[in-house]
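Accompanying notes for the structure given below.
The values are calculated or read from the model by the stated rules, or taken from the named source; none is laboratory data. These numbers were taken from a predicted model, which means no experiment stands behind them. Ideal geometry is used to build each Cβ from the backbone, glycine not excepted, and the neighbour counts take in all protein chains shown. Ligands, DNA and RNA are excluded from the accessible area calculation, which covers all protein heavy atoms including side chains. Shrake-Rupley method; radii C 1.70, N 1.55, O 1.52, S 1.80 Å.
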Amino acid sequence: AIQLAESGGGSVQAGGSLRLTCTASGSTRCTVDYDTSWYRQAPGKDREFLSAIDKDDRTTYADFAQGRFLVSQDNALRTTFLQVNDLKPEDTAMYYCKWTGRRSLTGKCDSVSWGQGTQVTVSS
């Protein structure tokens, strides 16, 4: 299975920036099609989708995340990044990465892995 390790969170002042990192390890048969996505969850709130990036660097963003959030990756290092700019207090949350295997050499995959989360705290 795929395991994810996250880092890059911290406490920052409003207007600052952070780059979150998610590194994958382990093995998978879902080598034909897969993608990595980012979510966040504030206390008492539902986990919400932020962004996704696939093997070919095609990206997707939640409407509210467009502009200040930028997802990228280094396939060779099996690492995905989430750049968050102009941080606001309402961005305070636990940020998670998710890896989804979608297709193997023989057909559809059904494989999902979550990171442990990294805390982002923004003060005014």
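Residue by residue, here is whether (1) under 15 Å from Leu4 (Cβ atoms); (2) touching a residue at least 60 places away in the same chain (Cβ under 8 Å) holds:
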position: Ser25; (1), (2): yes, no
position: Asp35; (1), (2): yes, yes
position: Val71; (1), (2): yes, no
position: Asn85; (1), (2): no, yes
position: Pro89; (1), (2): no, yes
position: Thr92; (1), (2): no, no
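Starting from residues that are in a strand (DSSP E or B) and surrounded by fewer than 19 Cβ atoms within 10 Å (Cβ to Cβ), keep the ones in region 39-57 and report whichever is nearest to the chain's Cα centre (by Cα).
Taking region 39-57 first, the residues in a strand (DSSP E or B) are 39-41, 48-54.
Filter again for surrounded by fewer than 19 Cβ atoms within 10 Å (Cβ to Cβ), leaving 41, 48-49, 54.
On the way: Gln41: 12, Glu48: 11, Phe49: 9, Asp54: 11 Å.
In this case the residue turns out to be Phe49.
Taking only pairs six or more apart or across chains, which ones have beta-carbon atoms under 7 Å, a first residue in region 104-124 that is touching a residue at least 40 places away in the same chain (Cβ under 8 Å), and a second residue that is surrounded by 11 or more Cβ atoms within 10 Å (Cβ to Cβ) and aromatic (Phe, Trp, Tyr)?
Cβ pairs passing all conditions: Ser113/Trp99; Trp114/Tyr96; Gly115/Tyr96; Gly117/Tyr95; Gly117/Tyr96; Thr118/Tyr95; Val120/Tyr95.
Hey, could you check region 12-33 for residues that are hydroxyl-bearing (Ser, Thr, Tyr) and either part of a strand (DSSP E or B) or at pLDDT below 95 (or both) and say which is least open to solvent (accessible area, probe 1.4 Å)? Give the derivation first.
Restricting attention to region 12-33, the residues satisfying the condition of being hydroxyl-bearing (Ser, Thr, Tyr) are 17, 21, 23, 25, 27-28, 31.
Next cut, either part of a strand (DSSP E or B) or at pLDDT below 95 (or both) only: 21, 23, 25, 27-28, 31.
Numbers: Thr21: 29, Thr23: 52, Ser25: 55, Ser27: 82, Thr28: 45, Thr31: 67 Å².
Applying the filter and picking the extreme gives Thr21.
Only one of these is β-branched (Val, Ile, Thr), more than 16 Å from Leu18 (Cα to Cα), open to solvent by 50 Å² or more (accessible area, probe 1.4 Å) and in a strand (DSSP E or B): Thr36, Thr100, Thr106, Thr60. Name it.
Values: Thr36 fails: open to solvent by 50 Å² or more (accessible area, probe 1.4 Å); Thr100 fails: open to solvent by 50 Å² or more (accessible area, probe 1.4 Å); Thr106 fails: in a strand (DSSP E or B).
Selected residue: Thr60, the only one of Thr36, Thr100, Thr106, Thr60 that is β-branched (Val, Ile, Thr), more than 16 Å from Leu18 (Cα to Cα), open to solvent by 50 Å² or more (accessible area, probe 1.4 Å) and in a strand (DSSP E or B).
Tally up the residues in region 109-124 that are open to solvent by less than 50 Å² (accessible area, probe 1.4 Å) and within 19 Å of the chain's Cα centre (by Cα), please. Before the answer, list the steps.
So the first thing to find is which residues in region 109-124 are open to solvent by less than 50 Å² (accessible area, probe 1.4 Å), and the list is 109, 111, 113, 115, 117-118, 120, 122.
Those still in the list that are within 19 Å of the chain's Cα centre (by Cα) too: 111, 113, 115, 117-118, 120, 122.
Of the residues in that region, 7 qualify.
With the requirement that a residue be in contact with a strand residue (DSSP E or B) (Cβ under 9 Å, 6 or more places away or on another chain), open to solvent by 10 Å² or more (accessible area, probe 1.4 Å) and farther than 25 Å from Asp33 by Cβ, what does region 69-97 give you?
Asn85, Lys88, Pro89, Glu90, Thr92, Met94
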